[in-house]
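Below is one structure, written out as structure tokens; comments come after it.
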2 protein chains.
Amino acid sequence: MSVTGHTSPKPTAPASADAAGGPSRQRSRSVSIRDVAKVAGVSYQTVSRVINGNSYVRDSTRDRVQAAIAELGFRPNSAARALASGENKSLTVITSNTTLYGYAATLQGIEEAARAADFSVGISVLESSDENDVRAAVDRAADSSGSVIVIAFDHVGTLALRAVPDGLPVAAAVETPETPPVAGQPWVWIDDGEAARSATRYLLDLGHSTVHYVAIPSTTHTSRRTAGWQAALAAAGVTAPEPVGAGWDALAGYQAGRRLARDRAVSAILCGNDDLALGVIRAMHEAGRSIPESVSVVGFDNAPQSAFYTPSLTTVRMDFVGLGRACFSMLHGEIEGTAPIVPHTVGRPELIVRESAGSFNPHPTESRLR
Amino acid sequence: MSVTGHTSPKPTAPASADAAGGPSRQRSRSVSIRDVAKVAGVSYQTVSRVINGNSYVRDSTRDRVQAAIAELGFRPNSAARALASGENKSLTVITSNTTLYGYAATLQGIEEAARAADFSVGISVLESSDENDVRAAVDRAADSSGSVIVIAFDHVGTLALRAVPDGLPVAAAVETPETPPVAGQPWVWIDDGEAARSATRYLLDLGHSTVHYVAIPSTTHTSRRTAGWQAALAAAGVTAPEPVGAGWDALAGYQAGRRLARDRAVSAILCGNDDLALGVIRAMHEAGRSIPESVSVVGFDNAPQSAFYTPSLTTVRMDFVGLGRACFSMLHGEIEGTAPIVPHTVGRPELIVRESAGSFNPHPTESRLR
DNA sequence: AGGGAATATGTGACCGTTCACAATCCTGGC
DNA sequence: GCCAGGATTGTGAACGGTCACATATTCCCT
């Protein structure tokens, strides 16, 4: 009878009820560790110990408590736990578009790693690029989680990254870091410059006299990707044509492709991502230029569909999932206060040769229109 | 000097600091409404009133408090708020695969609607289909949020839905409801049976003598989609061939396509989604059967890329974003206790005619191999 | 048998906010 | 000049956990 000392003055929830009373209607007051303690005949602290798996609890006691937990359908209140313990194993991913492959895959990597570390992950989508809206979104994210990860592949993302309030743990997947990345900046990225260079080189080696570039919108003036492409051209002694600025999706690629299709000098095109490549290819087909006989196209990202296009797409594999994981582990290190924050690269992109690029052919047989 | 009564015994954080002191290092203890109150010379309750925008606060007081908030960089602690107020405007989406179009788009719809209602949304990915893992994932989701939405298009999702603990608000996007959907089941779905029927009918009208079906894994034995396809065939007096069971992605479609390509009787194929269709088309091409001359293919979902395939894909538009929104609003109604829970349908799928299906042609000129 | 460490368990305070209610200040009507 | 009643502000007690520390209980060793 050790616990009878204080009786609860206002028992908000009937302690008994259910157990074997059918599918009982919604319980609204939640059961607390004190309720469990009462049923198990121990102190609330002992219950706390049991649910945290930790410390010294006699087996028999543990069993009794667990029985009580099951009987009452107790589940710990995460808000209370977070409040009391101070720690906050949660993050929200701020991103602008979850349907694009690179973003979705990065998110997947983050989620995977976060789950393993027992973090819960939230998601906040940036819909508008208006500075105030972005700030609002970031603020909401900031106070619903203890930390954030920004997928800053694009302009909005960069804006969001900049709007992250001081003192909030943050990590970011960026497209191209401002040069030079300073220690202390929690940035992770894929160095695709080398891959862009070798993809370009691959096309030149195929006999193409130059390589055109359909670019995704960059967050900086010179993305590594663009730089790699330029470097390869420069090394071959050809002057780079003006890059064709495009958006992110197939439609943007299609529009860029229409423009390029008019230029008979275009025989090889490097695209900022696979969707763009898809659009370009479509435009070329419509213009009666076959792939790869008349025009060679190389994509970027290696989206899962790209192997099944007809022709299948030569592209550059990017380990976005790995990027996401790295992003999380940087954030995690930051929160734990272990490893110092040092911006770094992840993975090693690799050219995947498939069918959409072939050797230069000055007089290809044109395929049928449409 | 009205507030000097109790001095904080252990000032964990230097109250002054920063303001104009450079990029000051991480502050670790958070500032509370009491700190703000002290600075503003009011009671904590007044601060609470100000941050909640509500009640009676004199303008001059409000200004003073807001100044203090800004000065201290105060941001309300969401855990404390959730604990004290009891309410919990958060949900987590339980899903098995965020990179597939249907899933990603549904998630997007949920996020959109949730954001508008000021809910924060978490995401939990089901990686394994082991029952215990699923249960664990659902449990984690359950106690990091006040409610869940399950995207139950597939088997794992259905498992997860079943594992949702009693009393937790939940809504689900399902593929096909068990018949009949009972009032009280928080289910939302897209009735694509009619669309499947009309797509099949479209192919038959094109002169094809039968229509084969490459199916996504169904959660029930007879999905509406399958039923619609069968109904259309039955109406035309042809017996339905055995559906080809496949997975979700292009590879699965490809494998199914290889099997079908061997059968010269196959001239029209309806696919469970666009990725499957892509894979089927690829397989047909490799087998030397051109699209749509030799084989007509129709997809499902209208993924953003499908318009840019070559040939562009005839498919059925599905409003997944709308589905997601509807899902949230069902959950919301459930939480608010307003509208009764009645399972319902969302949107009206529509056949989008493009290039991948054409009239039946008994002796097509075979296109070149590869 | 006594002492100290290790094992178990309990108590009080506190995390940062909201809620219910009490207290104070004004303002105008009589 | 007094009072009702709305406008403003303050106080104490939750909310459901964890933490630090105190208290029992065991157990082993000398």
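Any read-out appearing in this document is the output of simple, stated calculations on the displayed coordinates, not a laboratory observation. Only a predicted model underlies this, so the values are computations on that prediction, with no experimental measurement involved. Note that each Cβ is placed from the backbone with ideal geometry, even for glycine, and that neighbours are counted across all protein chains shown.
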CD proxy at 222 nm, helix term only [per DSSP H run n ≥ 4: -39500 (n - 2.57); per residue of chain B; nearest 500]: -12000 deg cm²/dmol
Over chain B, relative contact order from alpha-carbon pairs under 8 Å, at least 6 apart, %: 15 percent
Across the identical copies, how the B:E194 labels are spaced - nm, sorted shortest first, 7 Å along Cα→Cβ: 5.7
Burial ordering of A:H344, A:H212, fewest other beta-carbon atoms within 10 Å first: A:H344, A:H212
Helix B:224-235 axis, angle to chain B major axis (alpha carbon atoms, nearest 10°): 20 degrees
Alpha-carbon centroid distance for the pair region B:252-301 / region A:282-304, whole angstrom: 21 Å
Partners for A:K89 among aspartates and glutamates (Cα-Cα distance below 17 Å; same-chain residues under 8 apart left out): A:E111, A:E112, A:D118, A:D143, A:E334, A:E336, B:D139, B:D143
Space enclosed by the convex hull of the alpha-carbon atoms of region A:235-359, per residue, Å³: 134 Å³
Sites B:A339 and A:H221 - FRET efficiency at Förster radius 51 Å, r taken between beta-carbons, to 0.05: 0.45
Distance (nanometres) between label positions extended 7 Å along Cα→Cβ at B:H155 and B:A70: 6.0 nm
Between 0 and 90°, nearest 10: helix B:131-144 axis offset from chain B longest Cα axis: 40 degrees
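Mind checking Rg over Rh on region A:140-179, alpha carbons, Kirkwood formula for Rh?
Rg/Rh for region A:140-179 comes to 0.97.
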Hits among aspartates and glutamates - C-alpha to C-alpha of B:K38 under 20 Å, sequence gap 8 or more where chains match: B:D18, B:D59, B:D63, B:E71
Viscosity 1.567 mPa s, temperature 4 °C, Stokes-Einstein D of region A:116-270 from Kirkwood C-alpha radius, µm²/s: 73 µm²/s
Acute angle (nearest 10 degrees) that the helix A:274-286 long axis makes with the longest principal axis of chain A, alpha-carbon atoms: 40 degrees
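Averaged across orientations, what area in nm² does the convex hull of the alpha carbons in chain B project?
Directional mean of the projected Cα hull area for chain B stands at 25.7 nm².
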Label geometry 7 Å along the beta-carbon vector: A:A339 inter-copy distances in nm: 4.7
Euclidean distance between Cα centres, region A:183-209 to region A:85-136, Å: 27 Å
Per-pair calculated FRET efficiency, R0 = 56 Å: A:S60 and B:R317 via Cβ, rounded to 0.05: 0.35
Compactness of the protein assembly as shown, expressed as Rg and Dmax over alpha-carbon positions, Å: 29.3, 98
Cβ-vector label at 7 Å, B:G41, separations to other copies in nm: 6.0
Additional length obtainable on full extension of the chain from B:E350 to B:E87, 0.36 nm per residue less Cα span: 90.7 nm
